[in-house]
Structures are given as C-alpha cells and as structure tokens.
1. Filter region 74-95 down to the residues that are open to solvent by less than 60 Å² (accessible area, probe 1.4 Å), more than 21 Å from Tyr34 (Cβ to Cβ) and touching a helix residue (DSSP H, G or I) at 6+ places or on another chain (Cβ under 7 Å) and list them by number.
2. Looking at (1) of a type in the set (A, V, I, L, M); (2) without any contact (Cβ under 8 Å) to a residue 24 or more places away in the chain; (3) open to solvent by 70 Å² or more (accessible area, probe 1.4 Å), which is the one condition that is false for Ile68?
3. Could you grab me the full set of residues in region 89-140 that are touching a residue at least 40 places away in the same chain (Cβ under 8 Å), part of a helix (DSSP H, G or I) and touching a Gly at 6+ places or on another chain (Cβ under 9 Å)?
4. Could you tell me how many of the residues in region 112-132 are at pLDDT 90 or above and open to solvent by 60 Å² or more (accessible area, probe 1.4 Å)?
5. Can you confirm whether Lys55 is modelled with pLDDT of 95 or more, basic (Lys, Arg) and open to solvent by 30 Å² or more (accessible area, probe 1.4 Å)?
6. Taking region 20-36, which residues are at pLDDT below 95 and under 17 Å from Met87 (Cα atoms)?
7. Which one of these is over 19 Å from Asp229 (Cα atoms) and not aliphatic (A, V, I, L, M): Lys35, Lys47, Lys55?
8. When you look at Ile33, is it β-branched (Val, Ile, Thr) and closer than 26 Å to Gln203 by Cα, yes or no?
Amino acid sequence: MVNGKDKLIVAIDTDNYEKAVELIDSLEDSVDIYKVGLENYIASRGKTIDYLKTKNKKIFLDLKFHDIPNTMKSAVKAAIRDGVWMMTIHVSDIEGMRQCAQIAKEESERLNIEKPLIIGVTVLTSLSDEDLADIGCKEDTTQTAIKRAKLAKKAGLDGVVCSAREVQNIVKECGEDFFTVCPGIRPKNAAKGDQKRVVTPSQAIENGAKTIVVGRPITQSENPSKSADEIVKEIESIYR
C-alpha cells in the first residue's frame, strides 16, 4: 500500500515565522514533507528549517539557485550542511549542473550523510507559451521542459521540477527513476491563483509525478489538516 504522505509536499509560503510554526504544528499528523521557498527562508533567516528539524520532517529547500557555477556549487554545499532532503537549482549550463551534482556527492560522503536530491527547475508553472515567446524562447512550455529535463539528467541531476502536464513526457524521455516534482497542483474546486498550468493531485500522480507540491489549497484552508488528509486519500485511492 502506497503512503500518500510520501508524495505530498506542503509549501510554506509565508513571510511570517510564527505563522509558519503554527501551520507546521497544525499539520503535525498529516504532512511529513515541507517546502521552504525564498519568501519564508529570507523572512525567517532560515529558522523555519531549524524548526522542521526538531519535528523530524523532511525539508525541500526551494531556493532555485541560478548563478555562475562556482557560486551555485558553494550554495549547494552549504545547503547540504543544513541537512535538507531535496533542493532546487535552475536548469542552466551543463557544466554548472555537473559541478552541483558532484559537490553534493562529495560533501555528503564527507559528512557521512544521505545525499539530498538535487533537482532542476525546468519551466515555472506560472509561465505560459506566450510568456516564453515574450522572452525569446522558440519552443512551447512542453518542448522546453522536456529539453531541459533531458539536459538535467545528462548533467547528473536527480530529477526536475515540472508541470504535471509535462511530466508524462519527461518520464518517458528520462525514465521512471528520474525524480519528478510537480507544483501548480489544485484540487478540483480550488482557485488557480497565479498558476496557469494546473492539474488535480490524482491527475498529477497518474501522469507520473513522484511528488506533488501543494500550497494555498492547504495553507489557506479553514482546516489545513483536513485539506491535507483529503489530498493524501485522493492519492492513495489511485493505488487501490
């Protein structure tokens, strides 16, 4: 039996540390994996990560490193010392990604800890085909995401962040073992917000997502724990 909690990541997208702690406490029995992004990481100066550690929760550090190779490599090395389970870098030049993958292996071995997953951001789920055209991309979101996923795999990354609309094709091109993280997930009756390429939790898993990221439908719910439990049940129903 698949545990749906292993496939659900809740995004802590708040600039208030106390609210983050309140949310984590309210989801104590419902959620095991949390995403800490730029907004919360900067506002809390990383304290949310420390709090999650006290709760023995898995940490997805979503800072989307994107810089020259040496800077990205140093950032990955520092994040590993923070004990995160997974982190993001943007899919960029292949040599920079290779260096990130290599330093993750070396630093984890030096510290004698399990290597965190290093995953590449393909195309943000807030972007549409028209948005990509505006910034000079000749291919649409699906084509761009697949091309970047293949490049990430070639560079030695563990997987990618992608829309669940593209994940099926990415799994086909990169293999079942390539880790896929899909944000932009919205239950059927939830508002889309600023996301343009959204799908439901069950659709994302059926399409091949290894994990899904859910934010506002849980964090802004009147009952976050109940909302999380419903998504977990929806995921588990696929495997019955």
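1. Residues satisfying the conditions are Val91, Ile94.
2. (2)
3. Hits for region 89-140 are Met97, Arg98, Cys100, Ala101, Gln102.
4. Number of matching residues: 5.
5. It is true that Lys55 is modelled with pLDDT of 95 or more, basic (Lys, Arg) and open to solvent by 30 Å² or more (accessible area, probe 1.4 Å).
6. none
7. Of the residues listed, the single one that is over 19 Å from Asp229 (Cα atoms) and not aliphatic (A, V, I, L, M) is Lys47.
8. yes
The values are calculated or read from the model by the stated rules, or taken from the named source; none is laboratory data. As the structure is a prediction and not an experimental result, all values here were calculated from the model. Note that each Cβ is placed from the backbone with ideal geometry, even for glycine, and that neighbours are counted across all protein chains shown. Areas reflect the complete protein model, heavy atoms only, side chains present, ligands, DNA and RNA absent. Shrake-Rupley method; radii C 1.70, N 1.55, O 1.52, S 1.80 Å.
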